Structures are given as structure tokens and as C-alpha cells.
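Take a look at the structure set out below.
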Amino acid sequence: MSEVPTAVLMKGITKRFAGVVANSNIDFEVREGEIHALLGENGAGKTTLMNILYGIYRPDEGEIYIYGKKAHIHSPKDAIALGIGMVHQQFRLVQTHTVVENIVLGTGNGLRFEEEEVRQKIVDLAQRYSLAINPDARIWQLSAGEQQRVEILKALYRGAKILILDEPTSMLTPLEIKELLQTLRRMTEEGNTIIFITHKLDEVTAVSHRVTILRQGKVTAVLETAKTNKVQLANLMVGREVLFRLEKPSVERGSEVLRVEGLEALSDKGLIAVNNVSFTVHRGEILGIAGVAGNGQRELLEVIAGLRPATRGKIFINGVEATRSSIRERINMGMSYVPGERMTALVPNMSIAENMILKSYRTAPISKGAFIDRREMLNLAQRLIQEYEVITPGPEKPVKLLSGGNIQRALMARELSQQVDILVAAYPTSGLDVGAIETIWRILLSQRPLGKAILLVSDDLEEILTLSDRVAVMHNGEIMGIVEPKEENLEKIGLMMAGALKLEQEQWV
Amino acid sequence: MIDFIVSVLTLTIPAGTALLLGTLGEVYAERSGVLNLGVEGMMIMGAVTGFAVTFATKNVVLGILAASLAGILMSLIHAYFSITLRVNQVVSGLALTMLGLGISGLLGKQFIGMPLPVRLQPVHVPVLSDLPILGEFFRFNILVYISILLVPLLSFFLYKTNWGIVLRSVGENPAAADAMGVNVFLVRYLAVMFGGLMAGLAGAFLSVAYAPAWIEGMTAGAGWIVIALTIFSLYDPTRAMLGAYLFGGVRVLQFRLQPLGIPANLLNMLPFLVTILVLVLISEQAFRRRIGVPAALMQPYSREEK
Ligand SMILES: Nc1ncnc2c1ncn2[C@@H]1O[C@H](COP(=O)(O)OP(=O)(O)O)[C@@H](O)[C@H]1O
Ligand SMILES: [Mg+2]
């Protein structure tokens, strides 16, 4: 076999968390100078394995060798000393500090920090790897792509030779992804080793030399990327044929349900986060809002749901103005909001059945005067559990015991069993595995023939393109354009996400 | 008129010194992400220890050192519960205050009404203390000078040094600091202990310098004003000094204005009114973020917790 030396060797790694075995006897080997993809579904154990390598978690069993030498990694400090750097999926940056302050954090033994020297070193590194950044900017002023550059610079500044990137593309525009992959290739040419965590097959084939595939905490295969293909990878990752060919019959577009006009809203920091946003959603259609995370989607959703005041503009539900309506009034007008942080819409310690009637407890048949008809409640829950394929030992179990996919199914069941005209679905499949994603997508698509309108917001462009009838692209608080999710529009969508293209309103569909 | 102003100011500085010492310590503790509501308890333990040791040894310096140590020991209780055991910081801090008030009352019983054989003497700065009018400002005791010198020193440390960046990062985002190899627990322990040291000093200042005597509950809410001042200062040493002297000035004015018919109770209330106002303001999340409350304040840290 090849004589390339081994940079990282993890042997027999096992890690248990209360109730789950996140890593089960994993062997993982990365050669010096390669880009090694670590592929697996959500929950497969990728982050856990890399957190072990970086010293954040301690393995229950197993050994680690770095460049052939046995390593004792008890904390990130040890990992850094061994030349390992990690860019976490949720960036670990101090928002209120400057780029320089974030990069020097924890380095330098002198009391005084040599700002000029540090700045020069950062500028040099940035130039060498084309990671352009303003060293004096505060983190909260930076886009996700720029923040990621800071994270990479942090690792390089500490002299990392082995760089771990945990799902690094999830917050980037298509163009930024291209640039990132270029930077990574450049880094390997200089002798660095890259571990690239992902659940996207395209990225594996685009950038990696070899790939290790994890499924449910176990390694299912280690392959040379050149000698495999996406179908094989998908099978190894999911453990069965992935169909994903969803039926999406065309549905007649009906009357208008939701209309927003010139909406404006402020972020928590008091800056304009939603800027003059207008669109409509009709019966039988899904309007998808695409965009890089943090471009005002969250604030827009909150304004529509009634959680954040609009500073300008109007909202109409079924033709009735709802700009100043309370959440309860909006619900009565036919709106349902399923937030991205699903648990905020549920009461974790209450049973599945009780959670399912949180919106209908006030009306018959659940309500019996001042009391709740428990039999009716359980009947309803039983029915919804079956209809929406919620996997649970029973309707009286606390909802917090369910897995992410089942929590989302239960939530969808509650919301869609109401009189709903417009469903606002925020990041409905974030953090779910392929099986769960499939059901959620089916559920959403099945609403179209029923004449319901859906406003879908997601960071996952693939999800938006698969489900939507029309795609609105948001950048920096503005709608850059609304197009159909067709192959030939892909480039336009990418440009709009990056803010490089804005369509005239007349060109919107 | 000038005489009046100078005399108010020369009284204001000592009146605000205990507040300043305590606030500087609490600013650092909270910058690391640990709210310590036990300041009142640590301060009064400093006061009783300072008095007792000075009384027994007839040595003020020993008394002050013992008081600092008492403050540190008290703060370690809070550190252990809130950092290591990750107990709710409010609960642990309140318990510390009650503990301090209780123990100090018990220990201090024998000292009630006793005169202190020695007290911390003013230091006359050569030359400067002989100036007309301004000379008054150069005849304070050593703790006053220390507290003033600490202000630029702690500012410099906080904003201009590697360790300052570490301290602030731990209070803003401990996970980020941890990932960069910083020992989050150690930093928080040290910051809380520094808070204890300063509260202990503040207590000693009261019992062996400002009003040399032991009176049960003699801190009289100063620890709570420290908590308010910490927020009022937006976690900045320089503004902490401004705030401390402002509140100190109010105390002094009370006595000066009473003859003019302004009731003392009204002025007495002022610090607490401001405190309440500030607490109401910071209870709003958006406001907290805007004025720069350390983002991880009151959040225990654990590596493996999701
Ligand atoms: N700190 C933790 N506490 C409890 N369970 C955890 C923790 N971290 C991960 N897990 C669990 O371990 C499994 C693997 O998670 P993770 O490594 O994050 O997967 P991936 O990164 O592949 O999506 C999941 O079931 C997850 O819920
Ligand atoms: Mg992960």
C-alpha cells in the first residue's frame, strides 16, 4: 500500500452518552497531506469523534496516535500542542470581540499583547491562504463566511497542521463554498492535513482524496474517493437505497392567503434586519425562502408569527390585516407557525398527547367545560401518531424522550390537524436524519392538494429547491428576487444569495 | 463655597472607597461570567475579621491581610458551588450573603462596643499634602490610594493584556475560550477569588479605617450597592470609580443637606432607587445585549453538556 505517513490514527474509539453510544469501536486513519472526508447522517457520531480528537470529549475506550506517536489528549490545549485545529459547526467566537482578539485568545505568554506583531502575522497568514479579513472588525459585524475564515485563521495562527472542519459549508453561499474548497486544496499542497466532516455527497466527491463513512456510531467503509460514486456512498451512509424521488404533482395555484407588503423590522441589536420585504403565498403552493443563515430570515419569520414588531409595512392573512394582531389572533385567522427550535413549541415534560392538544384544548371535543376529556385526547393523539408515523412507545410518554425526527412529526401533526390556511415552517428538517427528512417532506408536499399555503424557510438550498413552487432569495434583509426552482435558475439563485444580483420586481414570478 | 465643595469632596472619596473596592472585584468576577450576590456577606466577614485580628494583634496590616483572606475563603464557597457544582449562581450568592451576615454576627458579639487600640492612619503625601486647599486630597489612608491606583491598573489589565482578553472571552463565550486551550474553570475561580479579596478589603476598610468599630451588620447594604454599581459601571473599572464616588457623595450630602431641610431618608433611598432602576433595565434581554452584559453571565460551563 501507499507509503504516505499517517497523520491521525484513532483506534477502537468508543464514546457513550446517557442512553446512546455515539461512537462504537471506531478506527479512523488520516494520511498526511490528504483531504479526508468524514461522511455520515445527522447523529452518526461524526462531531463526537472529532471532539474526541480535539480533546473536548474524553473517549470511554480507545487510543489516539498523531504522526505515529501515542497521544494523550485531555483538553483542546493538548490537541493544539500536537498541531491539531478544529473549526466547529457552531463557531466558537466571541461576538463582541475583534478578529485580532479572537485569534490571539489563549496564546502569548507575555502579559502585554503585542498588537502590531500579532496583526502582521494575521495579515500574512490571511494573504498566504487568501482568507481576506479585516483584523479590527468585531465578529458580530461579519458574515458567516467571514467568521469561518476567522476560525480557520485561529487554527493556522496556532500552527495547526491537521485541520478539522465540521460541516463547514452549511452556512456558506455556493460561491463561498467554491472558495473554501480552493483554500483547503491550497493548504494540503503546503503539507497540511484536512478532515472534512459532511453529510453532503457532492462535497465528498468534489474535494476529498479518501472518505470514511459512519453510520450509527460505526464505520461502514473507508474508500478512495476516485474509486467510488454517489450511489455507493449514499447506500453506505444510510444503509438502504435512498429514493428521494418525491412525487410533486402540479397543483392549481389558488387564492392568496398571506401577503406581506414593504415589511421592515429590527434585529435584537436595533439594526434593520428585514428591509422592505414584499411577497404573497397562495393556496396550494409552497413559497420557499432561500438564503445564507443570518440574512434576516429569522427576524422575518418572527414578524410574521407575531413575535417581533414590524417597524414598517403590513401583513395580511386571507385579506385581513394582521400587522398588529396578537399571536392568538393570528392562529384564529388561520396561521400556524412551526419554529426552527422545535422544543420551544412543545412542553418537553408533558406527554405527547397533551402536547398534541395544546392548541385544541379550548374547543370541543377535547374541552368539556372546565375539564379536558382525556379519552378524547388520547383518541386524537393515537390517530395523529398513526397518521404522521410518530414512533413512540405510547401517547402518554413525555415528548422530550422522542428523537428529533419524531418530535418534528408530532409537532407537524399538532399544527396541521388544526384549521390551518397558512403554515409557516422554519427549518423543518434541520438536524434530522434522512429517513425523518423524507417523511417531513412528504407531509409538507401533501398539504398542497388540500389547498393549504406554506411558507418554507430553510438554510438547506436542496430542500428549498425540492419542495418549493417559487423560491424567494433573501440577502441582507431584502428579497433579491423570486424565481422558479428550475435547473437554469440555479446560477441566479447563487448570485442572489451572495448579494451579487438583484432582479427587478417585474421579473419576479 | 470652595471650602464647602472641597470638604464634601474630601469626605466623598473615603465614603466611596469601600464601594469602589468591592465593585472593582465584582466587575472582574462578572466579567468571567460569574455573578456573585454574596458581596454583602464577603464584605461583612472582611469587616469582622479585620476588626478582630487588628484588635488581637494590635497590628492593622495583619488585620487587613486577614480580612482579605476571609473574603477569599468566602468567595471559594461560591466558586465551588457555582463553578464546580454548577448550582444556580443567584441561589449560591444569596446563601453566601446570609451565611456571612450570620457568622459575622456570631463572631463579632464579643467586640461590640470595644474600641480599636490602633487604626489605619492617614498617609501624608510629602509636599502635596502641604498645598493650600488641595492638600486635603493627599492625607488619605493607604487603602484609599490603593483603590484609586487599582482603577487604571485593572483597566489596563482588562483591555490591553493577553490575560484580559482571556478573562473577557471566558465571560462572553466559555466554549470559545475552552476550544482555544484556556482553562475556563481556573479563570473563573481566580476571578471570583479576586472578587472575594476585594470585598474583604472593603470590609476591613470600613471596620479599621473608615469607622473603626464593630457594629453588627455594619456594611448596611453596601454589598448590594456594589452589585448595582457593577451593572451601572457596565463592567468597567473607570466607570466603577465614578459610580462609587457618586454614591459616596450622596451619603456625605445627606448630612450636609439635612440642616437645609432635605430629609435624610430621601437621600438615603437614592442608591436603592437607582439600583432598582438598573435591575429593571437589565432584566430585558435586548437591553442586556446592547449595554454589553457578559453574554455568558450566570451560565455554568461544562464541556460535555450539549
Ligand atoms: N454532549 C452530548 N450529550 C449527550 N448526547 C450527545 C452529546 N453529543 C452527541 N450526543 C449524541 O451522540 C450521537 C452522535 O452525535 P454527533 O456526534 O453530534 O453526530 P453527527 O455529528 O454525526 O451529526 C447523537 O445521538 C447525539 O444526540
Ligand atoms: Mg455534527
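Please work out whether the stretch B:103-242 counts as rounded, prolate or oblate from its C-alpha gyration tensor, where a ≥ b ≥ c are the square roots of the eigenvalues and a/c under 1.5 means rounded, while otherwise a/b larger than b/c means prolate and anything else oblate?
oblate
May I ask you to list the GluC sites (Glu not before Pro) in the stretch A:325-376 that are in a DSSP loop and have at most 13 other Cβ atoms within 10 Å of their Cβ?
Those satisfying the criteria are A:Glu341.
May I ask you to order B:82-88, B:26-32 by the average number of other C-beta atoms within 10 Å around their residues, highest value first?
Descending packing order for the listed peptides: B:26-32, B:82-88.
For peptide A:72-78, compute the average count of partner chain beta-carbon atoms within 10 Å of each residue's beta-carbon. Let's see the in-between values first.
Working: counts 0, 0, 0, 6, 7, 6, 1.
The shielding value for this peptide is 3.
Taking 7 Å along the Cα-to-C-beta vector as the label spot, tell me the B:Leu260-A:Lys227 distance in nanometres, rounded to one decimal.
Going from the B:Leu260 label point to the A:Lys227 one covers 9.2 nm.
Which residues make up the longest stretch of chain A clear of chymotrypsin sites (Phe, Trp or Tyr not before Pro) that lie in a DSSP loop with no more than 16 other Cβ atoms within 10 Å, not counting the sites?
In short, A:68-243.
Return the long-range amide H neighbours of A:Thr323 (sequence gap of 5 or more, or a different chain), with a cut-off of under 5 Å between placed amide H atoms.
A:Ile315
Please enumerate, by chain and number, the lysines with C-alpha under 29 Å from the C-alpha of A:Lys178, excluding those fewer than 8 residues away in the same chain.
Those lysines meeting the cut-off are A:Lys46, A:Lys121, A:Lys154, A:Lys161, A:Lys200, A:Lys227, A:Lys230, A:Lys486, A:Lys492, A:Lys502.
Which of the DSSP-defined H helices in chain B satisfy a minimum axial length of 24 Å, computed from C-alpha atoms, and a minimum mean Kyte-Doolittle hydropathy of 1.0? Don't skip to the answer; put the middle values down first.
On the way: long enough: B:2-31 (40 Å, 1.15); B:39-57 (26 Å, 1.42); B:60-79 (28 Å, 2.22); B:89-108 (28 Å, 1.58); B:142-160 (27 Å, 2.14); B:184-204 (30 Å, 1.76); B:237-257 (29 Å, 0.61); B:264-282 (28 Å, 2.39).
Flagged H segments are B:2-31, B:39-57, B:60-79, B:89-108, B:142-160, B:184-204, B:264-282.
To the nearest 0.05, how large is the calculated FRET efficiency for A:Asn332 and B:Thr84 if R₀ is 35 Å and r is the Cβ-Cβ distance?
So, using R0 = 35 Å, E works out to roughly 0.10.
Taking amide H positions as placed 1.01 Å from N in the peptide plane, with prolines and chain starts having none, which residues 5 or more places from A:Ala273, or on another chain, fall under 5 Å of its amide H?
It is A:Ala265, A:Leu266, A:Ser267, by chain and number.
How much FRET efficiency would the formula 1/(1 + (r/R0)^6) give for A:Asp27 and A:Glu389, where r is the Cβ-Cβ distance and R0 is 45 Å, rounded to 0.05?
According to the calculation, E is roughly 0.80.
Would you list, by chain and number, the lysines whose Cα falls below 29 Å from the Cα of B:Lys109, excluding same-chain residues fewer than 8 positions away?
Output for B:Lys109: B:Lys58.
Counting Lys and Arg as +1 and Asp and Glu as -1, what is the net charge of the other residues whose Cβ lies under 14 Å from the Cβ of B:Gly71?
Local net charge: -2.
Starting at 0 and stepping by 20 Å, how many percent of the alpha carbon pairs of the stretch B:2-305 end up in each bin?
Result returned by the calculation: 34, 57, 9, 0.
Helix-only estimate, please: 222 nm mean residue ellipticity of the protein assembly as shown, summing -39500 (n - 2.57) across DSSP H runs of length 4 or more and dividing by its residues, to the nearest 500.
Result for the protein assembly as shown: -14000 deg cm²/dmol, rounded to the nearest 500.
When you look at the Cβ of every residue in A:85-98, what mean number of other chain Cβ atoms sits within 10 Å? If you can, show how the numbers build up before the last one.
Numbers: counts 1, 1, 1, 3, 0, 1, 4, 9, 6, 13, 5, 8, 6, 1.
That average works out to 4.
Which value in nm describes the separation of the simple spin-label points at A:Ala293 and A:Gln505, placed 7 Å from the Cα toward the beta carbon?
Each label point is offset 7 Å from its Cα along the Cβ direction, giving 3.3 nm.
Mind checking how much accessible area B and A bury in total, 1.4 Å probe, in Å² rounded to 100?
For chain B against chain A, roughly 2500 Å² becomes buried.
Percent antiparallel among DSSP beta bridges with both residues in chain A, to the nearest 5?
Approximately 55 percent, going by the DSSP bridge assignments.
Using the C-alpha atoms of the protein assembly as shown, what convex hull volume per residue, in cubic angstrom, is computed?
220 Å³
Would you work out the Kirkwood radius for the stretch A:1-156? I mean one over the mean of 1/r across all pairs of different Cα atoms, in Å.
17.4 Å
Using a 10 Å cut-off on Cβ to Cβ distances, tally the other chain neighbours for every residue of B:174-187 and report the average as a whole number.
Mean number of neighbouring Cβ atoms from other chains: 6.
In terms of modelled amide H atoms, which long-range or inter-chain residues lie less than 5 Å from the amide H of A:Leu501?
A:Met496
With the cut-off at 1.5 for a/c, could you classify the stretch B:191-285 from its C-alpha gyration tensor as rounded, prolate or oblate?
oblate
Whole angstrom only: what separates the Cα centroid of the stretch A:135-157 from the Cα centroid of the stretch A:71-128?
A separation of 11 Å, based on Cα centres.
Straight distance only, please: which lysines reach the Cα of A:Lys368 with their own Cα at less than 17 Å, same-chain residues fewer than 8 apart left out?
Within the straight-line cut-off, A:Lys368 pairs with A:Lys359.
Based on the mean of other Cβ atoms within 10 Å per residue, sort peptides B:247-254, A:422-429, A:410-417, A:71-78 so the most packed one is first.
The peptides rank, most packed first, as A:422-429, A:410-417, B:247-254, A:71-78.
Nearest 5 is fine: what % of DSSP beta bridges in the stretch A:6-238 come out antiparallel, could you say? Before the final figure, lay out each step's value.
Details: 23 of 41 bridges.
That works out to approximately 55 percent antiparallel.
Across the Cα atoms of the stretch A:295-354, what radius of gyration and what greatest pairwise Cα-Cα distance (Dmax) are found, in Å?
Expressed in Å, the Cα Rg and Dmax of the stretch A:295-354 come to 13.3, 40.
Could you give the semi-axes, largest first, of the ellipsoid that matches the stretch A:1-80, computed as the square roots of 5 times the alpha carbon gyration tensor eigenvalues and rounded to whole Å? Kindly include the intermediate steps, with their values, before the conclusion.
Details: eigenvalues 88, 47, 25 Å².
Over the Cα atoms of the stretch A:1-80, the ellipsoid semi-axes are 21, 15, 11 Å.
The values are calculated or read from the model by the stated rules, or taken from the named source; none is laboratory data. Just so it is clear, the model here is predicted, and its values are computed rather than measured. Neighbour counts are summed over all protein chains in view; Cβ atoms, including those assigned to glycine, are modelled from backbone coordinates with ideal geometry. Surface areas here come from the heavy atoms of the whole protein model, side chains and all, with no ligands, DNA or RNA. Shrake-Rupley method; radii C 1.70, N 1.55, O 1.52, S 1.80 Å.
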